[in-house]
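Okay, so here's the structure we're looking at.
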């Protein structure tokens, strides 16, 4: 009897699965969009810190649940959604609906891939330190609510941090030594974020609430410091960095990025572009112009405040140049772009600073770029470059780069496209903008500014070799650092930070030059199609109005040419 019940249950499950598959196969585009909306709502609730960071503040008092049951349930849910999407028959759908189906599928594929291949909850202690630091940072970065309400949310999150850390200790069955060292560095640098930055928001709290926050804060810091000690004691026994391998790397390029290239082709692109930009540096009347030198600057800021003001003034100059030359349209909803100092907790993996654009749910249209702590004697490439001329980096991070492009992407009405975040497009556009501004006349010929653009392109090309060879297993971490220094022209501090970032974020380092190459190729095709009606500024507007989509998709949209996409889908 028991056997009969088991067989009956199995038959019912098989029939239910078959019925579900048939239902999905016959699904209409509206059902796909409903599935996508439900998924985004579920994801936002499951990852409350990411939601806060994106400007959705519904769950500001929560952290992600890293308990094993919650973790496994999330992974299962995403696999089930992906299975439903894959089962849909889209051959008779419209072009726009098929594009959205491909985009939604690749979004889900990306999550499932990293869960399966990288398994960060088990391998990367940064997962838990970043949850804590971003949990507070996402409440501080904008004045979206009263200081008291944000402080109360911070208190609630601080109280949950010891549990997140304990879950981390339980989940980390195979921690990677390199990732652990980065987590240790971040954990031991987190104090200023919690004790200085956070407390500026809490200064007017009622005594009882302030004491509650301080108590929770001190317990959280103790827990995070204890995590660093826990990791440090176990460092010698941890596994070394392990590459994902070429097969997985190619799967990522094809199925998530929809890129018409495999690992070998991407690596060859990096070699070609590296050779080109090293040669262009050498053709400068004074090749040392490509190596930033603050001593050549007309004025050297005396302190951090002056350093920030220099950034701000050059940004206004660049915006005027773009408008006068009709190179891109700045939409009326564009917010303010600001420059801020990089918090200590983010220095280990972001030595050059990073951009914080408006989030996809943000009601505040402003954005900002975090720059490293000012030091006129620093050997750090980014600081030296910023002192001599901050415009190349500003153009990348601000306008026309990330801030402008992402602000436009946030205003798309198609939710699947608005939610898409193809990093090859995002970084490719920003890098393309650096050279576009140089070639349209912003910088004088044979100037330090022009030299800096060439060096920035050179080291972005070097990043490709590091990323591909590191993650396909051809190079060690030490070889990656050496390559950044010798081929990319970086100092040791910047090279080590870049290599660490490459190891911790697979494919991130290929995005710049790969995306730029795709945009340049698309520009040539676009010009040929437009003929005498071609205008560069119109190309830029047409390109970035589509959001952060894979460039093979953008080519299909702009030119009705899906050959690159078909190559990527092979």
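Structural remarks
- Residue within region 424-443 that is part of a loop (DSSP other than H, G, I, E, B), assigned by TED's automatic domain parsing to the domain that holds residue 295, more than 23 Å from residue 280 (Cα to Cα) and out of contact with any strand residue (DSSP E or B) (no Cβ under 6 Å at 6 or more places or on another chain) present: no
- Of the helices (runs of 4 or more DSSP H) lying entirely inside region 444-528, the ones with 3 or more residues being free of Cβ contacts under 8 Å to residues at least 12 places away in the same chain are found at 477-486.
- Among the residues of region 529-570, just one is free of Cβ contacts under 8 Å to residues at least 12 places away in the same chain, touching a helix residue (DSSP H, G or I) at 6+ places or on another chain (Cβ under 6 Å) and within 21 Å of residue 95 (Cβ to Cβ), namely 562.
- Residue match in region 391-414 (condition: free of Cβ contacts under 8 Å to residues at least 40 places away in the same chain and surrounded by fewer than 22 Cβ atoms within 10 Å (Cβ to Cβ)): yes
- Scanning region 125-140 for any residue that is outside any loop (DSSP other than H, G, I, E, B) and free of Cβ contacts under 8 Å to residues at least 12 places away in the same chain turns up nothing.
- Subset tally (residues that are surrounded by 19 or more Cβ atoms within 10 Å (Cβ to Cβ) and within 17 Å of residue 182 (Cα to Cα)) for region 242-267: 0
- Test result for residue 345, closer than 29 Å to residue 130 by Cβ and modelled with pLDDT under 90: yes
- Filtering region 277-286 to residues that are in contact (Cβ under 8 Å) with a residue 24 or more places away in the chain and surrounded by fewer than 17 Cβ atoms within 10 Å (Cβ to Cβ) leaves 285, 286.
- Options 568, 547; residue that is surrounded by 15 or more Cβ atoms within 10 Å (Cβ to Cβ), modelled with pLDDT under 95 and outside the structural domain of residue 269 (by TED's automatic domain parsing): 568
- Identity of the residue in region 144-183, touching a residue at least 60 places away in the same chain (Cβ under 8 Å) and in a loop (DSSP other than H, G, I, E, B), that ends up surrounded by the fewest Cβ atoms within 10 Å (Cβ to Cβ): 174
- Of the candidates 527, 474, 455, the single residue that is outside the structural domain of residue 323 (by TED's automatic domain parsing) and over 18 Å from the mean Cα position of the chain (by Cα) is 527.
- Scope region 370-390; condition without any contact (Cβ under 8 Å) to a residue 40 or more places away in the chain and within 13 Å of residue 340 (Cβ to Cβ); matching residues: 370, 372
- Residue match in region 25-48 (condition: part of a helix (DSSP H, G or I) and at pLDDT below 95): yes
- If the condition is being touching a residue at least 40 places away in the same chain (Cβ under 8 Å) and assigned to a loop (DSSP other than H, G, I, E, B), then region 204-223 contributes 204, 205.
The values are calculated or read from the model by the stated rules, or taken from the named source; none is laboratory data. Here the structure is a predicted model, which is why all the values come from computation and not from measurement. Neighbour counts are summed over all protein chains in view; Cβ atoms, including those assigned to glycine, are modelled from backbone coordinates with ideal geometry.
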